[in-house]
Amino acid sequence: MVGHRPWEPHLVDILSALAACPDPPHVTKIAEVAVEHDRIDLLRHLLATGTPTDYIPRKAIVRKRSTAMLQALLDAGWDINDFLGGYMGCALTLAILCRAPDDFVKWLLDRGADPNGPPGGIDHCGYALRLAVQMLREGDGEEGPSGVARMLLERGANVDESRALHMAAENRGIAWVRWLVEEGGADVNAEGFDPDWAGSTEREKGIGLPLHYAARSGNVEIVKYLLERGADVTRKDTNGRTPKEVAERLQHDEAARILTVEGVNA
């Protein structure tokens, strides 16, 4: 239990005052106050007296990166892989969405966070590894995989299920793509997310193979690499376009030229 600060009321005083109220606040409000003011003593009391962990603002605790409060939840039987609601996914995906530092992500993983747990993100497609590719802190991982991404892969993240290669092919450099393929074992012809499940923005752009995403970015180096690894130039995305047609539509002329030549030779 954290030490009592002299300007803060003792726990017994808080509870006595609440009991005397004609209309005492609901336990969820008390939990919010406990988390907001870092009163782990109050949080532990609530949990010890049977307050369900669902009543505790777990998302706020993850955002605060309070390992002490998270440990209190775990000690009370909370499942670290519980879906937190909304676009947050689980504790791990929320931490990555909030660009938490490597040591906090490691703390979660060390306590059982599943790198293939409930996804987050507005498009509901945010598996942890895909988010690690997407949500880089400024200056972190621009030239290659971040510490968080490496940890996730080491802990068993499913590269193809996460569609991390699709994200990297469109938004990151060749070092990320090579790493996912050569160390992560990513399938260069893995299909994108189910259109019925993916977000509207993703559907509008077209859901396809990693090569479609590379063509969308116009990154010639990645296009060439995926082709060398056996990417299929003939497959169409959910909008009925081949990678070449995607590149042409976005006026990525050099990528379109390479894909045209490859298509002739296919």
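The values are calculated or read from the model by the stated rules, or taken from the named source; none is laboratory data. Not measured: the values here are computed from a predicted model. Note: ideal-geometry Cβ built from the backbone for every residue, glycine included; neighbour counts use all protein chains shown.
Remarks
- Taken together, the criteria place K106 among residues that are modelled with pLDDT of 95 or more, surrounded by fewer than 21 Cβ atoms within 10 Å (Cβ to Cβ) and either assigned to a helix (DSSP H, G or I) or on the phi < 0 side of the Ramachandran plot (or both).
- Filtered residue count, region 158-188, keeping only those that are in a loop (DSSP other than H, G, I, E, B) and under 23 Å from D114 (Cβ atoms): 6
- Subset of region 36-63 (residues that are within 21 Å of the chain's Cα centre (by Cα) and surrounded by 15 or more Cβ atoms within 10 Å (Cβ to Cβ)): P57, R58, K59, I61, V62, R63
- Among (1) modelled with pLDDT of 95 or more; (2) among the polar types (S, T, N, Q); (3) surrounded by fewer than 16 Cβ atoms within 10 Å (Cβ to Cβ), the one test that S217 misses: (3)
- Exactly one residue out of L94, L108 is of a type outside the set (S, T, Y), within 30 Å of R39 (Cβ to Cβ) and in contact with a Gly (Cβ under 8 Å, 6 or more places away or on another chain): that is L94.
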